[in-house]
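Rule-based calculations on the coordinates, nothing more; no lab input. Because the structure is predicted, anything quoted here is derived from the model rather than measured. Cβ coordinates were reconstructed from backbone atoms using ideal geometry, including for glycine residues, and neighbour counts include every protein chain displayed.
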Amino acid sequence: MTGQVIYELMDPCMIWAFRIGGNPYVGFVIGLIWASLVATVIGELCMAGVYFLNKKHFATINRDMVDHHNLSVRALGYKDKTAWKACNSIANDAFGKNFFSRMALFASSLWVVPFVIGWMFFRFGHVDFVVPYLGNVGPAFVFIPAYIVIRVLFCKAKPWLPLFKTIKQKVKENEAGDEMMTFMDLVKDSDQQGDSPIPEKS
């Protein structure tokens, strides 16, 4: 299937929003918001799908990250420098694995963007978009900032959207476990046990 065929299949779902209203500028803004929203929603759903297909992996790396971080904090509380260095090194590796896994997960939500940009070139490639001091720019120059704004606003709205609220809850349940400790937890433990965070031997 060629790009031309893909864009022709996308066209009925996308172009209608650009035709709303009698003013072409207003219609273009509405259409741009719609195109950005389509790319955002499909991307978010794909990201959720990838997560749940690999939920055991994400639960494991998140648990490893939290567990090793907490061990390093406890080692610091016990003033065991050797144990702290060992645990901290493993915790840093776990942080790295978790970070890059999350980045790869986020990337799975972006595959829609090139298709929407390609469709915009298919539809508006002949239109001159003139920007002061820059001259003519392509549809991507207009779409990408709009997509970023819509994506940010959508992320803020997700807690109030039933489907995405459910997804967030399922993710939280999948990664349930110990909470990540902070150094303030050591201070609290120290206050509860006395001057030393080390429990007294019976």
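Relative to the dominant Cα principal axis of the chain, helix 183-193 is inclined by about 30°. For region 23-39, 3J(HN,Hα) computed residue by residue from phi via the Karplus equation (6.51, -1.76, 1.60; θ = phi - 60°) reads 8, x, 5, 5, x, 5, 5, 4, x, 5, 5, 4, 4, 5, 5, 4, 4 Hz, glycine and proline entered as x. Taking 30 Å as R0, compute the FRET efficiency from the Cβ-Cβ separation of residue 184 and residue 100 and round it to 0.05. With a Förster radius of 30 Å, E is 0.60. Residues whose amide H comes within less than 5 Å of that of residue 181, counting only those at least five positions distant or on another chain, are 70 (H built at 1.01 Å from N in the peptide plane). Once R0 is set to 25 Å, what does the formula 1/(1 + (r/R0)^6) return for the Cβ-Cβ distance between residue 80 and residue 174, expressed as a FRET efficiency to the nearest 0.05? Efficiency at R0 = 25 Å is approximately 0.15. Highest-first packing order for the peptide set 172-181, 36-45 is 36-45, 172-181, based on the mean count of other beta carbon atoms within 10 Å.
Amide H to amide H, with H built 1.01 Å from N, residue 129 comes under 5 Å of 137, counting only residues 5 or more places away or on other chains. Label separation (residue 23 vs residue 60): 5.6 nm, computed from points 7 Å beyond Cα along the C-beta direction. 3J(HN,Hα) couplings calculated from phi for region 2-10 with the Karplus curve 6.51 cos²θ - 1.76 cosθ + 1.60 (θ = phi - 60°) are, in sequence order, 7, x, 4, 5, 4, 5, 5, 5, 6 Hz; Gly and Pro show x.
Which residues does a label at residue 128 reach in region 136-159, if reach means a backbone N under 11 Å from a point 7 Å past the Cα toward the Cβ? Within reach of a label on residue 128: 136-137. Taking a threshold of 18 Å on the Cα-Cα distance, which of the pairs 55/172; 56/85; 97/168 fall above it? Pairs exceeding 18 Å: 56/85; 97/168.
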